[in-house]
Ligand SMILES: C[S@@+](CC[C@H](N)C(=O)[O-])C[C@H]1O[C@@H](n2cnc3c(N)ncnc32)[C@H](O)[C@@H]1O
C-alpha cells in the first residue's frame, strides 16, 4: 500500500468519526510515523509503507477515535517517540538534483563528481556514500555542497582541487592549483620504473619536474631501499611535494631540490632518471578544456614550444648524471613516443621499452645508457 492510499484511507476513517479536519489529522499521523516533515509528505506519495508503519498508523487512528481527540491531543502514553528521522529519500533527491545541475553545465562525469563532493562534505568514502544518506544533511553542509557544485559547474574548477586531495597509485596526495593533478597515465610510468628498480640494490633515483611529488613519493614509498631526489623549477610546487612526503611518511629516503632541469643537480651516479615533463605543444595548449587551461599551472603542461624541449634537454644531459647502464624513463604525449625514442637514441640510449596506456596509446619510453657495467649489474 502506498502512502497516498494510506492517506485516503485515514481521511475516510476519521471522517466516519466526524473529525472536523480529517485530512490534516491524517497527515499529522502519517508524518509522525514516517518521521517526515508534514509539508514534505506529498513528495513521497508513491512510497510503499511497511507493515509496522501501517499498524502504527492504524493504532493512532483508533486511539484518536476512542479518545475523541485530535492527534496533538492524544495522551502522551499513546504516542511513541519517533526514531531518528530517515532522510535517505530527500538526500537522494538532493544528490540527483546536483548531478543534473552539473550535467546541465557540461560537467562530463556529473554523477561521479557530485558523489565525490557529497562524500567529501559528509566525510564518508564515495564508495559507501549511498549507505550513508540516512542522516539529515545540515544547513552548513548543504551550503558547502552548493558552493563546491557552483565552483565545479560555473568556474570549471577541477574536482581534485575542490577536494584538495587525490589518490595516486593508491596513496593520498594533497593537490591544489600550485601543482599538476597526478594522472592515471603516470601510474604506468611508475609501475614500469618499479619493475626495473626492484632489481637494483639500493637504487638512486632522480625525478625531474616532480610537481606534487607523485612519482618521487610513490617510488620512495614502494621501494624503501631507494634514495630519491625530486627536482622542480617551481618553489610553489615543491611546497606541496614536501607536504605529500610527510603525509606519506617517506621523509627518510626522499629529498627535494629547486632546480631548472639539471642546473642544481650535483650527483652523477643515478641509477634512474624519471621525468613526466611539460609536453603539450603550445598550439594544443590553447585548445585545452577550461578545467585544465584555467586552473592547472601552465608551466606544468606546456614547454611553450613544440612539446619536445624537455625531452631533448633531458636526453642530452642525462648521460652525465647516470651510471653506465642507468635508465632514463619518460612519460610522453599521445603522439610523441617515436620522436622521443629517436632523441634518446641520438644521446646514446638504447630503447628497452615503449609501453602503452590503457587506451592503447604509447605512453612511456624507457632507455638505457649503454656501458659494459650495466649488463652484469642488472639481472
Ligand atoms: C607534467 S608536470 C609533472 C608533475 C608530476 N611529476 C606528475 O607526474 O604528476 C611537469 C612539472 O615540471 C615542472 N617544470 C617545468 N619546467 C621545469 C624546469 N625547467 N625544470 C624543472 N622542472 C620544471 C613543472 O613545475 C611541473 O611540476
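Annotation: the antiparallel percentage among DSSP beta bridges lying fully within the chain is about 45.
Percent of C-alpha pairs per 10 Å bin in region 139-197, short distances first: 21, 37, 27, 11, 5, 0.
In percent, rounded to a whole number, the relative contact order of region 88-155 is 39, using alpha-carbon pairs under 8 Å and six or more apart.
Values of log10 I(q)/I(0) for region 88-155 across q = 0.20 Å⁻¹ run -0.74, by the Debye formula with one identical scatterer at each alpha carbon and no solvent. Among 29-35, 284-290, the peptide with the highest mean count of other Cβ atoms within 10 Å heads the list, and the full ranking is 29-35, 284-290. Taking 354, 79, 196 in turn, the Gaussian network model of the chain (Cα-Cα springs below 10 Å) assigns the largest fluctuation to 79.
Seen against the Cα atoms of the chain and their longest principal axis, helix 3-16 is set at about 20 degrees.
How high is the relative contact order of the chain, in percent, with contacts defined as C-alpha pairs under 8 Å that are six or more residues apart? That works out to 10 percent. Placing dummy labels 7 Å off each Cα toward the beta-carbon, the span from residue 269 to residue 127 is 4.3 nm. Modelled spin labels at residue 73 and residue 352, positioned 7 Å past Cα toward Cβ, are 9.0 nm from each other.
Here is how the number arises for the chain: DSSP H runs of 4 or more residues each give -39500 (n - 2.57), the sum is divided by the residue count, and the result at 222 nm is -13500 deg cm²/dmol. Annotation: the residues 271, 232, sorted from fewest to most other C-beta atoms within 10 Å of their own C-beta, follow the order 271, 232.
In the calculated pair-distance distribution of the chain, the portion above 26 angstrom amounts to 62 percent of the Cα-Cα pairs. Sorted ascending by nearby beta carbons within 10 Å, beginning with the fewest, 197, 41 become 41, 197.
As a proxy for reagent exposure, 19, 45 were ordered by neighbouring Cβ count within 10 angstrom, fewest first; the result is 45, 19. Once the gyration tensor of the Cα atoms in region 182-254 is diagonalised, the equivalent ellipsoid follows with semi-axes of 19, 14, 10 Å, ordered largest first. To test your reading of the geometry: what angle, between 0 and 90 degrees and rounded to tens, separates the Cα axis of helix 51-67 from the longest principal axis of the chain? So the inclination is approximately 30 degrees. Rounded to the nearest 10 degrees, the inclination of helix 309-321 to the longest alpha-carbon principal axis of the chain is 60 degrees. Mean sequence separation of contacting Cα pairs (under 8 Å, at least six apart), scaled by the length of region 101-209, corresponds to a relative contact order of 17 percent.
All of the numbers you see were taken from the coordinates with simple rules; none came from a lab. Bear in mind the structure is a predicted one, so any value in this text is a computation, not a measurement. Glycine gets a Cβ as well: all are built from the backbone with ideal geometry, and neighbour counts include every protein chain shown.
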